[in-house]
């Protein structure tokens, strides 16, 4: 799958020397997941777009997921700003609109897939996996260091046994990776705060990367309920 953020040669900052950076990283990740889940104004949250896709697919969950991947690829493949897109905590740091659009759309796609597979996007354990899906192999590595190998129901059960302090550390590391694409020393470079997936590279890379998020989310969130139960709930 396409890696959205190349893993750094150095480990994520966890020794307190970059306290402000990690705090900023945590806030970024939390803001992304909140907006992707709850929506804001005309920007719909993941569960809402998931239910709309499920109805359009006549209750076929996998068809709905495929449709969501396609629509989110189209969203990040178009040029220019997206009307009604909610802002993020780093707007003052001049993150390009198309980069914020990409990450917000990617997070919403992961939220929507988790929802359709029967996972609660508001659950802190699920949020940790949602964040990890944005990082490709780097996110899988972060979870593995916490003792979780995602991809099956057993792994999700392992994740839910993790104490809160471990979840906080996972989210901190995921958020920090979002900020340190070019960092090899663990220091945040606010000029190079985003991965090379914006307008300077082109929409094609964005679309391919979005497909990768879809693959990662489908792999990370196995189905946890039967179709009949869910169909009854949404019809």
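Bear in mind these aren't lab numbers, they're just calculated from the coordinates by the rules spelled out. All figures in this text were calculated on a predicted structure; none of them were measured in a lab. Cβ placement follows ideal geometry from the backbone for every residue including glycine, while neighbour counts extend to all protein chains displayed.
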Förster-model FRET efficiency, 30 Å R0, residue 58 and residue 30, C-beta, rounded to 0.05: 0.30
Convex hull per residue volume in Å³, alpha carbons only, for the stretch 22-83: 111 Å³
Added length on full extension, which subtracts the Cα-Cα distance from 0.36 nm per residue, residue 141 to residue 122: 4.5 nm
